[in-house]
Amino acid sequence: MWEKQRGACSRITLNLLDTATIPGDWGWLTYPPHGWDSINEMDEFYSPIHTYQVCNVMSPNQNNWLRTNWVQRDGARRVYAEIKFTLRDCNSMPGVLGTCKETFNLYYMESDRDLGTSTRESQFMKIDTIAADESFTGVDLGVRRLKLNTEVRGVGPLNRRGFYLAFQDIGACIAIVSVRVYYKKCPSMVRNLAAFSEAVTGADSSSLVEVQGECVGHSEERDTPKMYCSAEGEWLVPIGKCVCSAGFEERSDSCVACDLGYYKSSPGDQLCSKCPPFSHSDTLAAQICECDTNYYRSANDPPSTACTRPPSAPVNLISSVNGTTVTLEWNPPRDTAPSQVVVIRKEKTAQNSVTLIWQEPDQPNGIILEYEIKYFEKDKEMQSYSTLKSKDTRAIVTGLKPSTRYVFQVRARTSAGCGRFSQTVEVETSKEIALRYDTMTIVWICLTLITGLVVLLTVLICKKRHCGYSKAFQESDEEKMHYQNGQITLAESKLYVDPHTYEDPCQAVHEFAREIEASRIKIEKIIGSGEFGEVCYGRLKLPGKREIPVAIKTLKVGYNEKQRRDFLSEASIMAQFDHPNVIHLEGVVTRSKLTMIVTEYMENGSLDTFLRSRDGHFTIIQLVGLLRGIASGMKYLSDLGYVHRDLAARNILVNSNLVCKVSDFGLSRILEDDPNAAYTTTGGKIPIRWTAPEAITYRKFSSASDVWSYGIVMWEVLAYGERPYWNMTNRDVINSVEEGYRLPAPMGCPTALHQLMLDCWQRDRNERPRFSLIVSILDKLIRNPEHLKLSATVNRIGHPRLDRGLFDIASCATVDDWLDSIKLGQYKNNFLMGGYRSLGMVMRMNIDDIRRLGISLIGHQKKILTSIQIMRAHLINTLGPRMHL
């Protein structure tokens, strides 16, 4: 069973399973018998629905399974499971503390045939632990309020003919309302005159499927056309193209024959051209125009050459005979040059100029190279006259006198010579307008000048006193005044200009950014997708400069005006920045079909991904060097008055020389009212883990809120790209930070660096260090590396509200249970031989203790240490801060 759907962005989704279309029982397998039940219900609108429910919250160690029927994958390599469910809040049920859960697990298993009931738990692979965004209480039940949650998870890569999904309950009160399983396709389309057929998306969330296109009718390949189908079912930037053959031109993604009277001599992007003078085409799709009767074209002339005829007979032929010699003399033929320009008229007159227009001669006798305009004051031709050249049948004659009558004539010139001047036309220029002001006008001018002077003085006094600015918005070196040569002068400063203050984003982008011709850019490959479209790697060759690698952001086809405005605004912002630690804008392309932003290419990509792939490969000094670069870039932005609002390791780019550069300046952020919400952008949600408390609660963004975010970036760098606050929910993060919890030091983090993080996370934003001070502190640490030797790994345990799925201390009674829960059971003997026989002893361990047990893998050391920190924090949060460990 499958159903085809088209989304708003023309992507195709095909349903493999949709329980909403199944009447009655779904017929799924449940195990054990007292677990999941098939129950028919009425929803809040009193419509019948079928559900699977389980609510064994009073008994511990629940393990209830619900398995779907066998689902054929229909050629899909990756599918998506959309689950709609309700879940009861454990706090609303008395007597279930310790046994009630608020999550369930999702599994899948592949097979080439339907296995019936002969499947085992061990055959299934876990996809994810799923929690509810909203849970219901007894009050909701009383008013029939259905708090429905919807979660989507990707499943893949899939290789066999079909698969099963399974839901594992571990002690929750939950009802599965509907399940939809689907996969995505890129739709068939024509781009750059190449037809691309439907394509199934790749096996994982970042894969791109290359599809080669076929040229449409009456076209031929210029470069092999191909596009990439993204995991979201959207086509990315096309590479290569087809062009219309000779005799055909492009219209609405197809090649159409040239009309009668038009021709196209070679394949290419050009349109059909009108037949040259004295030639014609009698058939559609003409590749050349034939000459009219008695007109000719040389065999070597290109098809664009006009046809011409032989000149008329010579004039005034005279012969004379002298003995045996005959001498002939004649005047040139009359019909060699263009005929006379007949119609000439004025289009516009001004005080000092006249605009003239005219028609081509009836018989140009070749290609008209230019027109000559002769003009003079009336009755003064014999004294002096002037001439003007024009390539078109229109000219503006300037430098004339007001209120003066002029005489104009026009003639055409071809390779055969000049034609005769046209008949004269007389035009009188406009009268000179005297500039006069009445008394009221003079009064208004004076009042305006006085008002402007008062405003200027007010601004200067206000700046001098720093009026209207709080400490959080100032830098220590801002608004300084210098005393030089006995005079007081204001320090020069450059300020950031918000492009959203411009009515037209094109005006801002053209004011700040350089326009690049599309022909100067060569796109070589797709390297990812961004909020507005695809991100490509390519090369840029500007006149007089060497070719350089660049990153190219493109605006996807079908954009709306708001998306275009936001896209160009990002370029307008970047164009104002010039700093070695801020991404550099090369220019923009706005005058071609594909709108592009061109920046420098950063070989190592985003900082978080770069660090995760090189866990433990750098020294502390190298990591501090990365942080120093980021702080320097943020100091520069802060000095300009720019607030980033989304500083995170994912928005820091790294080049081949390990130089970090701040990027991502184009997001429009709106904070939802829901305290569990995130900053919403047109491209998705940004987690609030990087955001200062005052920005979350009061939407107060400043340089000080960027400093908070920088502290989180420091933690990410020292933790090699680990997710801040681990698997805690957004709601738990907000509550924990509000209660004073701060992230502990990552493994091996020096005390000085963790203290700087804590300073960045001061509740009072006025107490946080400015970026200039952060740069100074990091410079001192680099010059004095002995201060980086003291580790702060097990210092400062806070009070986090941890996610229940992260660590359940009630389920771990022994060291062996704990090691199994974090999937490191292979180290049970190491802990036993080291004398660690209870969890209390384990919670006193530090990184050196872990190394002495012979655990050498850095990733495993980090995982164990993180779990110990979570256990300590959990106990303190549960038993109070006075609990002695």
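The values are calculated or read from the model by the stated rules, or taken from the named source; none is laboratory data. Everything quoted here is computed from the prediction, not taken from an experiment. Using ideal geometry, Cβ is built from the backbone for each residue, glycine included, and neighbour counts are taken over all protein chains shown. These accessible areas exclude ligands, DNA and RNA; they are computed on the full protein's heavy atoms, side chains included. Shrake-Rupley method; radii C 1.70, N 1.55, O 1.52, S 1.80 Å.
Below, the figures for the structure above:
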read-out	value
Per residue value of the accessible surface for the chain (all protein chains in place, 1.4 Å probe), Å²	52 Å²
Restraint check, Lys226/Lys661; Lys661/Lys789; Lys348/Lys391; Lys348/Lys378, Cα-Cα greater than 22 Å	Lys226/Lys661; Lys661/Lys789
Carbon/sulfur fraction of accessible area - the chain, other protein chains in place, 1.4 Å, %	50 percent
Rounded if a/c under 1.5, otherwise prolate or oblate - region 125-192, Cα gyration tensor axes	oblate
Hz values of 3J(HN,Hα) by residue in region 651-662 - Karplus curve (6.51, -1.76, 1.60), Gly and Pro given as x	9, 10, 9, 10, 9, 5, 9, 6, 8, 8, 9, 6
Global form of region 83-204, assessed from the alpha-carbon gyration tensor, a/c cut-off 1.5	oblate
Residue-span extension gain [Ser118 to Ala299] - 0.36 nm each, minus C-alpha spacing	56.8 nm
Phi to ³J(HN,Hα) by Karplus 6.51 cos²θ - 1.76 cosθ + 1.60 over region 758-763, Hz, x for Gly, Pro	4, 5, 5, 9, 4, 4
Rg ratio (alpha-carbon, reference 2.2 N^0.38 Å) - region 209-303	1.43
Principal semi-axes in Å for region 163-251 [√(5λ), Cα gyration tensor, largest first]	43, 12, 8
Segment Asp74-Lys391, extension gain: residue separation times 0.36 nm, minus the distance between their alpha carbons	107.7 nm
Directionally averaged shadow of region 1-122, computed from the convex hull of its alpha-carbon atoms, nm²	10.5 nm²
Using alpha carbons only: equivalent-ellipsoid semi-axes of region 303-433, gyration tensor based, whole Å	39, 19, 10
Base-10 log of normalised Debye intensity for the chain (one unit scatterer per alpha-carbon) at q = 0.05 Å⁻¹	-0.49
Glu360 paired with Glu381, simple spin-label distance in nm, labels 7 Å along Cα-to-beta-carbon	2.8 nm
Net charge of Cβ neighbours under 13 Å - reference Ser430; Lys, Arg +1; Asp, Glu -1	+3
Structure-based [θ]222 nm, the chain - -39500 (n - 2.57) summed over DSSP H runs of at least 4, per residue, nearest 500	-6000 deg cm²/dmol
Net charge over other residues, Cβ less than 15 angstrom from the Cβ of Cys255 (K, R count +1; D, E count -1)	-3
Cα pair distances exceeding 15 angstrom across region 63-123, given as percent	65 percent
Debye intensity ratio in log₁₀ form over the Cα atoms of region 247-291, taken at each q of 0.14, 0.19, 0.21, 0.34 Å⁻¹	-0.27, -0.47, -0.57, -1.23
For region 724-767: rounded, prolate or oblate by the Cα gyration tensor [a/c cutoff 1.5]	oblate
At R0 = 41 Å, FRET efficiency that the Cβ-Cβ distance of Ser312 and Ser353 yields, to 0.05	0.55
Using θ = phi - 60° and Karplus 6.51 cos²θ - 1.76 cosθ + 1.60, couplings along region 301-317 (whole Hz; Gly, Pro as x)	6, x, x, 7, 6, 5, 7, 10, 10, x, x, 6, 5, x, 10, 6, 6
Principal axis dimensions, largest first and in whole angstrom, of region 249-374 by Cα	77, 51, 20
Distant-in-sequence amide H partners of His584 (H built 1.01 Å from N, under 5 Å)	Glu600
